[in-house]
1. Condition test on Ile202, is it at pLDDT 95 or above, under 39 Å from the mean Cα position of the chain (by Cα) and open to solvent by 20 Å² or more (accessible area, probe 1.4 Å)?
2. Can you find a residue in region 135-150 that is under 37 Å from the mean Cα position of the chain (by Cα), at pLDDT 95 or above and of a type in the set (Asp, Glu)?
3. With the requirement that a residue be polar (S, T, N, Q) and in a loop (DSSP other than H, G, I, E, B), what does region 155-200 give you?
4. So, in region 471-492, exactly how many residues are open to solvent by 50 Å² or more (accessible area, probe 1.4 Å), of a type outside the set (S, T, N, Q) and touching a Leu at 6+ places or on another chain (Cβ under 8 Å)?
5. Which count do you get for residues in region 201-217 that are under 18 Å from Ile119 (Cβ atoms), hydrophobic (A, V, I, L, M, F, W, C) and in a loop (DSSP other than H, G, I, E, B)?
6. Determine whether region 221-228 contains at least one residue that is surrounded by fewer than 19 Cβ atoms within 10 Å (Cβ to Cβ) and in contact (Cβ under 8 Å) with a residue 12 or more places away in the chain.
7. On the basis of being loosely packed, with under 14 Cβ neighbours inside 10 Å and touching a residue at least 24 places away in the same chain (Cβ under 8 Å), does Gly293 make the cut?
8. Restricting to region 322-339, what's the tally of residues that are over 15 Å from His52 (Cα atoms) and part of a helix (DSSP H, G or I)?
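The values are calculated or read from the model by the stated rules, or taken from the named source; none is laboratory data. The structure displayed is predicted, hence computed values, not measured ones. Backbone-built Cβ (ideal geometry, glycine too); neighbour counts: all protein chains shown. We work out accessible area using only protein heavy atoms, side chains counted, and drop any ligands, DNA or RNA first. Shrake-Rupley method; radii C 1.70, N 1.55, O 1.52, S 1.80 Å.
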Amino acid sequence: MTMEKISTENEEKKSLSFVEQMVEADLADGKNGGRIQTRFPPEPNGYIHIGHAKAICMDFGVAEKFGGICNLRFDDTNPTKENTEYVENIMNDIKWLGFHWENVYYASDYFDKLWDFAIWLIEKGLAYVDEQTSEQIAEQKGTPTQPGRPSPFRDRPIEENLRLFKQMNTPEAVEGSMVLRAKLDMANPNMHFRDPIIYRIIQIPHHRTGTKWHCYPMYDFAHGQSDYFEGVTHSICTLEFVPHRPLYDKFVDFLQEKDAQHAYRPRQIEFNRLNLTYTVMSKRKLKALVDEGLVDGWNDPRMPTVCGMRRRGYSAQSIRNFIDSIGYTKFDALNDYALLEAAVRDDLNKKACRVSAVLNPVKLVITNYPEGKTEELTAINNPENEADGTHTITFSRELWIERDDFMEDAPKKFFRMTPGKEVRLKNAYIIMCTGCKKNADGEIEEIYAEYDPESKSGMAGADRKVKGTLHWLSTAHCLPAEVRLYDRLFSVENPGADERDFRELLNPDSLITLKNCYVEQYLKEKKPGDFLQFQRIGYFTLDETSTETHLVFNKTVGLKDTWAKINK
């Protein structure tokens with residue numbers, strides 16, 4: 001083997017995450033017959049967020065990279081929180097991110113098998129019905145440094161446990177009156193091993209099985225077993241499941257004992273969660289924001305949900321690029337939101353159509369430009385991609401410009417419009433400001449300038465150097481628009497670690513709505529999801545509420561990161 005080949009193989013090895021290296025090693029060892037099968041197992045009790053997107057990229061990405069399959073499995077073991085709305089939106093978000101599942105499964109597909117497995121455990125003396133309250137069970141479990149005490153019901157006869165367990169699954173069973181616990185080890189230092197609850201009574205119809213079941217398996221009992229029933233080879237999850245892994249493996253041991261012909265076993269591997277500054281990832285808190293009307297639904301552009309980011313104008317590729325850039329480790333970290341925004345800018349710079357928009361307009365009159373005359377000027381759609389072509393923008397005597405682009409008494413380094421100085425109008429002419437008109441309150445109503453007819457972009461006279469270039473719109477050839485400027489949802493860097501109520505930490509300036517804006521007529525052809533760059537301002541997209549008569553644009557991200565500078 002040549003040194004060049006060895007070097008190439010070493011580089012490929014370094015590019016693999018530690019999870020991928022473990023999968024690669026299992027393949028090399030011939031485990032599970034060389035099969036790779038992963039799964040993404042969301043609970044359908046809310047919309048998925050960017051933290052879930054990291055798991056999606058890993059679960060589906062491993063299957064793609066190693067020629068395996070990834071299934072989508074909904075963990076629908078708690079009917080009190082789940083519904084089909086969440087199922088449909090989770091599926092839409094995964095597709096939008098660019099991934100494909102091989103099969104769709106539900107934990108509820110295995111309710112009969114799980115029930116039979118629980119019966120087998122009872123018959124083997126490995127499970128019992130406990131009639132203590134939840135408070136009593138928690139108290140007798142002990143502490144991490146002190147062993148637990150056995151339940152007074154721990155040694156019930158098998159026949160009585162079978163009778164009571166079947167009674168739990170009746171319409172008459174009272175929630176909280178009984179639970180089924182696995183009989184493991186009350187002295188184990190791992191608290192999850194101290195006779196964990198594996199079934200509880202819930203008298204609420206299930207969104208798929210209706211009223212067939214009245215007691216439901218706990219997550220730790222359903223999760224690993226579902227992996228086993230499906231043939232999952234690598235159960236990839238986040239670090240909080242590390243202490244659950246011995247229990248996962250124990251239940252697989254029992255399943256293999258129950259079914260001696262089934263020799264394979266899934267392997268659980270854990271990686272770090274995705275945490276972002278100025279954001280919460282708790283589904284409970286996100287649901288509270290929605291339910292209490294503190295945001296405009298799960299897809300509010302300030303939310304860390306995938307659908308919220310899509311509505312804000314983030315591209316699927318930018319999210320995947322960000323996740324790839326932060327990588328996968330065995331240590332939790334708090335990632336700077338600015339890193340996500342940088343990934344969005346980098347991707348949209350290649351994709352976004354450049355257009356003009358004026359968000360805080362003031363009128364500019366070109367006094368020596370003929371009244372009634374108009375010109376159709378050519379604007380490049382995307383200088384990063386010639387194939388995106390061009391469009392036209394109309395120039396006329398009266399224009400809108402940004403109010404901040406004019407200053408009557410400007411400092412030396414102000415390179416925009418001020419009396420006596422020249423600036424270039426983008427794609428058009430060089431002009432010199434000659435003055436302005438103010439109202440009774442001293443506010444500027446109109447700005448006046450003269451243009452150089454020989455300075456049109458592309459003409460020989462256009463070579464003259466000027467330090468400022470301004471964007472503009474013809475007042476008679478533009479469209480009114482509403483523009484929504486979004487910022488961090490929370491005002492503190494790590495709201496999840498703050499002891500105050502998270503509602504108190506909301507950023508009051510996370511949404512600023514501008515009503516009297518103008519955009520190019522060309523934008524009437526655009527639709528929600530199209531990537532736009534308002535020149536000199538930032539990246540934007542049409543909101544889903546936008547109509548032909550009322551255009552609404554969402555700010556995706558600025559052209560530069562100004563947050564860090566403001567909050568130093």
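1. So Ile202 does not fit the description; no.
2. Within region 135-150, one or more residues are under 37 Å from the mean Cα position of the chain (by Cα), at pLDDT 95 or above and of a type in the set (Asp, Glu).
3. Asn169, Thr170, Ser177, Asn188, Asn190
4. Just the residues of region 471-492 that are open to solvent by 50 Å² or more (accessible area, probe 1.4 Å), to begin with: 476-477, 480, 487, 491.
From what is left, the residues that are of a type outside the set (S, T, N, Q) are 476-477, 480, 487.
So of that shortlist, the ones also touching a Leu at 6+ places or on another chain (Cβ under 8 Å) come out as 480, 487.
Total satisfying the criteria: 2.
5. Final tally of qualifying residues: 1.
6. Step one: list which residues in region 221-228 are surrounded by fewer than 19 Cβ atoms within 10 Å (Cβ to Cβ), which gives none.
For region 221-228, residues surrounded by fewer than 19 Cβ atoms within 10 Å (Cβ to Cβ) and in contact (Cβ under 8 Å) with a residue 12 or more places away in the chain: absent.
7. On the way: loosely packed, with under 14 Cβ neighbours inside 10 Å: yes; touching a residue at least 24 places away in the same chain (Cβ under 8 Å): no.
The answer is no for Gly293.
8. Result for region 322-339: 4.
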